[in-house]
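The values are calculated or read from the model by the stated rules, or taken from the named source; none is laboratory data. A quick note: this is a predicted structure, and the numbers were derived from the prediction, not measured. Neighbour counts are summed over all protein chains in view; Cβ atoms, including those assigned to glycine, are modelled from backbone coordinates with ideal geometry.
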Amino acid sequence: MNDSAPIRVEGLTVRYGRAFACRDVTFSVAPGSVYALLGRNGAGKSSLIRCLLGQQKPTEGQALLFGEDSWTTRRRAMERVGVVPEEPDAPLTMTARDFSEFSRRIYPRWDSVAVASRLERFGVPVGVPFGRLSKGQRGEVMLSLALGHSPPVLVLDDPTLGLDVVARHALFEEIVGELADRGTTVFLTTHDLSGFEGIATRVGILKEGRLIVDEELETLKARFRRIRYANRMTETRTAFGNELDAFEAVRVKVRGWGIDAVVSNFEDAAFESFRAIDGVEDAEAESLPLEEIFIAVAGEEQGASAVGSKGRIA
Amino acid sequence: MKAFLAIARREIHERRLVLAAAAAASAIPMAIPLLRGFRGSMAVDARSGTAMLVSFAFAFGLAAGLGVSILAPSIANRRVGFDFARPVSGLAIWGGRVAACCLLAVVSASIVWIPSLIAGAHLRIGDLFIDTELPRVWPLLLLALILAVFAACHAASVALRSGSALLAVDAGLALVVGLGFWVAFSRLPAFLAPEPRMRAAWGFALVAGLGLLLAGLASVARGRTDIRAAHRSLSLVFWSVAVAAVVGVTIYSNWVRAATPEDLGRQGFRVTPASSGTWVKVEGIARGARASFLYDTATGRFERVLVTDWYGPAISREGRRAAWVEARTGGGPFEILALNLDQPQARARRTRLFLEGYPSIFLLSADGERLATVERGVLSIHDLTSGRTLVSARIAEDRDEIRGLFVDKDRFRVFCQRAPGGGKTRVEILELDAASRRLRQRGELEAEGDLFLTTNRVGDRVIAVRYRDRQARLLDGATGTLLATLVEGGSDTSLWPGFLSDGRIVISESSSQGPRLSIFGRGGARERVIALPTGRFISLGGEVASGQIVVAVRDVARSSIYLVGIDDGRVRKLSDDLYPAALLRGDPSELNASPSPGSEATKLFLRSRELIRLDPVTGARRVVLGGVRR
């Protein structure tokens, strides 16, 4: 565990009655990195973020911001954290200008000019009550407010949810610009995997409250491959089904033309050996987009002949 | 502080339309007099009353509405996360909203008032309060009420929105706390402890109100975006404070109830010694409540008696038994209790005898076996040991003045004094016999003007003092027959008659010619006149020994006591600043008879907040109660 990490989560468990939202989750986010926490609805992402922001007390374990427990030092920590919530939660009758004025009073370093120029860039009318803005505009206001005090840490809870393409694009640009300018550490949860694939440096995947993947995006993508091949019986090969063992398949589908598998432990040398197996024909491996990796790892297994995964996941 | 102000400012800004609504509502009190066609002072009164009503409705309605809506829904739907995602403390989030609510409520109420005030309406908040002490702090009181309403509505809103099973626990605790408070509060009856009762009620309300505010803070600071956690924190803090408040009230009420005779010393007390023995009745204010005790001056043993008003305890002439009436409320029914004073371990005993109302006479027989009561004109003789009423008879109307005494154990003689008109007083002498169960009239007497009657111990002779001409006459106690005229004083003469143990009569006379004692034989013949040192008032103390009486001579500020030899006329000063605790009482209906000769009662004296035992013969003295013991 990296002690200098601005975000650390240690053995965090959140329970509602008998139901677990998170179970023993541990990870850290290095300074200047972009950590994308993925998970299906109800996987426990929002509970984890609330704990991280000191808005909810974990049942067990702790979330640390800048090395301090976020539940007990929330107020101090929030001076250095910008937050964009899943649902824009600002008071509906206030305008963006009001919010900037309000924030100026509570943040030691608030840059009203930067906020105004960012809102202008977004094209958000600053005098219109928040409740009358479009969903995209609300998101843009929240992002502007989150960046108004130039925080070293930005926490985004599914910021693109419900945004149209243009608004999403604007939001990505802003975040990329922020990263380039100041090396902000970003922790985000998202369903928009393709959008953040180019930004995220590390990925975590929550499934049923457990963190089953916590890895650099590059190594994750290197590990996961789709392998397609035709499988034949030969004179020397009388049975098959274990040829993918070395790759730790997470999803295998039997098609009319052969096998379509997603593996989580791909290696070039092992693939060459695989191709040499008697009866394995036309074998080819292709890299996967993050979205497909996520589906393979976090999605329910589907298809006529899905087989259970075995071997390393996280 | 900056965050607190920023939140308060934002909340007010968000709800600024409320002020416009208040301005609109201010038209109501202006319009009412016009609509009803009132003019002049009636219009002013109508406008004032309506303005008060509308402004109060506005202030408290706003407090309730904001209490329900300003935070609890935001916690439930997690929109309060907007504030928690900023460097703002839970205290600022809660406090800012509380401040905004108070300010909006007060300013709105003021806005409602302004046009009416300009039009001449008057603000008479004091009319709302019965207790005249309250209006001085009414702004604070109203503010506290607004805060309490706000906090209570927030608490209810959080609890209901959480939808948790904790609601059932809340309901149970509410019942327990309410019951606990009532039990503790009931230990302070209004007729005995009005001030402690008020203190307990206000204290509990204040602490509960503070508890609500603290609980609100806890629900925000500890619950944050989790409505169930908010409810848990709220319940934990509020019920802890409420239970602590109940414990506090219980401790306080027990402390008040556990007062001892020593506690009476701070505000002074009254003492009535028993005719014989070492027991006294002592009463006054102890720990803020009215308190009466039976107190043994010899051992320090005491028994608190919860008597209502001035009735009881009565102590029998032999000093062996006391009885009194006790009630759970100020208006009866009264239960009669008794205590055997001569048994060291005895406790107060309920006799199973009840009185519906206040008794006008409550007297024990000499041995304490019988109790006579007159209540609503009905004379009854009760047997205290068996708890039975032996005999009852109607003897008087409500306006009649009644005095009486036990002639012997079974016979109770009554002097029933009524004013038939024409400035006359008529006294009927009646006797109720428990043995024969008969009431019979023994005699009667009539006089011009009011009479004051004094009897000897057995009631066979009576001295009647006529106020109008300060005339004292000796009468036959059974028939009312005139035996002798003792004194015919002037209009400036003050008379105090008493019977001595040997049957002789002593009358103190205080007039412009100086104070003096006149001594008369059993038949009423004057034997001696003893001049006393100068003083305005004379009181006759007890007979220290046969033929020796203590006399107190008082001026406005000072009382000196003298030992007077009835036979030799010698007057010896005993002490300054003392006053006899037991007087040679003239009224037979007094709870305790005159002190027996040489009894302990004749040696007890009062000084400022002190009961002192002084032996007039040896001069030895000690402080019995109050002050500094020596």
*Residues in region B:309-334 that are at pLDDT 90 or above and either of a type in the set (Lys, Arg) or under 15 Å from the mean Cα position of the chain (by Cα) (or both): how many?*
2
*Would you point out the residue of region B:352-377, among those that are without any contact (Cβ under 8 Å) to a residue 24 or more places away in the chain and in a loop (DSSP other than H, G, I, E, B), that is nearest to the chain's Cα centre (by Cα)?*
B:376
*Which residue, of A:143, A:154, A:163, A:119, is out of contact with any strand residue (DSSP E or B) (no Cβ under 9 Å at 6 or more places or on another chain), within 22 Å of residue A:46 (Cβ to Cβ) and away from chain B (no Cβ under 11 Å)?*
A:163
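If a residue must be assigned to a loop (DSSP other than H, G, I, E, B) and aromatic (Phe, Trp, Tyr), how many such residues does region A:239-253 contain? First the steps, then the outcome.
Initially, region A:239-253 is screened for residues assigned to a loop (DSSP other than H, G, I, E, B), giving A:239-244, A:248.
Those still in the list that are aromatic (Phe, Trp, Tyr) too: A:240.
Going through region A:239-253 one residue at a time, the tally reaches 1.
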*Do we have residue B:223 as in a helix (DSSP H, G or I) and not hydrophobic (A, V, I, L, M, F, W, C) here?*
no
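Rundown of residues vs (1) modelled with pLDDT of 90 or more; (2) in a loop (DSSP other than H, G, I, E, B); (3) surrounded by fewer than 21 Cβ atoms within 10 Å (Cβ to Cβ); (4) β-branched (Val, Ile, Thr), yes/no style:
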position	(1), (2), (3), (4)
B:379	yes, no, no, no
B:386	yes, yes, yes, no
B:392	yes, no, yes, no
B:397	no, yes, yes, no
B:403	no, no, no, no
B:418	no, no, yes, no
*asked:* Can you pull out every residue in region A:32-57 that is without any contact (Cβ under 8 Å) to a residue 12 or more places away in the chain and either within 13 Å of chain B (Cβ to nearest Cβ) or touching a Phe, Trp or Tyr at 6+ places or on another chain (Cβ under 7 Å) (or both)?
replied: A:50
*For region A:53-62, indicate whether the set of residues that are on the phi > 0 side of the Ramachandran plot, touching a Leu at 6+ places or on another chain (Cβ under 7 Å) and surrounded by fewer than 24 Cβ atoms within 10 Å (Cβ to Cβ) is non-empty.*
yes
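Any idea which of B:271, B:246, B:280 is touching a helix residue (DSSP H, G or I) at 6+ places or on another chain (Cβ under 9 Å), buried (at least 22 other Cβ atoms within 10 Å of the Cβ) and part of a strand (DSSP E or B)?
Numbers: B:271 fails: touching a helix residue (DSSP H, G or I) at 6+ places or on another chain (Cβ under 9 Å); B:246 fails: part of a strand (DSSP E or B).
Residue meeting the stated conditions: B:280.
Among A:136, A:131, which is more than 20 Å from residue B:225 (Cβ to Cβ), part of a helix (DSSP H, G or I) and either among the β-branched types (Val, Ile, Thr) or within 13 Å of chain B (Cβ to nearest Cβ) (or both)?
A:131
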*Is it true that some residue in region A:242-258 is within 30 Å of the chain's Cα centre (by Cα), over 27 Å from residue A:196 (Cα atoms) and modelled with pLDDT of 90 or more?*
no
*Hey, can you tell me all the residues within region B:13-30 that are within 12 Å of another protein chain (Cβ to nearest Cβ) and surrounded by 15 or more Cβ atoms within 10 Å (Cβ to Cβ)?*
B:13, B:14, B:15
*asked:* Residues that are under 20 Å from residue B:577 (Cβ atoms): list the strands (runs of 3 or more DSSP E) wholly contained in region B:506-557 that include at least 2 such residues.
replied: B:537-545, B:548-554
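Go through B:68, B:88, B:54 for me and flag whichever is surrounded by 17 or more Cβ atoms within 10 Å (Cβ to Cβ), among the aliphatic types (A, V, I, L, M) and assigned to a loop (DSSP other than H, G, I, E, B). Give the derivation first.
On the way: B:68 fails: assigned to a loop (DSSP other than H, G, I, E, B); B:54 fails: assigned to a loop (DSSP other than H, G, I, E, B).
Checking each option against the conditions leaves just B:88.
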*Can you find a residue in region A:94-106 that is surrounded by 23 or more Cβ atoms within 10 Å (Cβ to Cβ), at the interface with chain B (Cβ under 10 Å from one of its Cβ atoms) and touching a residue at least 12 places away in the same chain (Cβ under 8 Å)?*
yes
*Report, by residue number, each residue of region A:272-314 that is at positive phi and at pLDDT 85 or above.*
A:282
*From B:41, B:69, B:89, B:55, grab the single residue that is away from every other protein chain (no Cβ under 14 Å), in contact (Cβ under 8 Å) with a residue 40 or more places away in the chain and of a type in the set (S, T, N, Q).*
B:55
*Listed residues A:60, A:86; which is in contact with an Asp or Glu (Cβ under 7 Å, 6 or more places away or on another chain) and more than 9 Å from chain B (Cβ to nearest Cβ)?*
A:86
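Can you tell me which residue among B:464, B:484, B:472 is at pLDDT 85 or above, surrounded by 19 or more Cβ atoms within 10 Å (Cβ to Cβ) and over 29 Å from residue B:367 (Cβ atoms)? Explain how you work it out, then say what you get.
Values: B:464 fails: over 29 Å from residue B:367 (Cβ atoms); B:484 fails: surrounded by 19 or more Cβ atoms within 10 Å (Cβ to Cβ).
Just one listed residue meets the conditions, B:472.
Is at least one residue of region B:512-535 polar (S, T, N, Q), free of Cβ contacts under 8 Å to residues at least 24 places away in the same chain and under 30 Å from residue B:269 (Cβ atoms)?
Yes: one or more hits.
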*Kindly establish whether residue B:106 is of a type in the set (A, V, I, L, M) and facing chain A (nearest Cβ under 9 Å).*
no
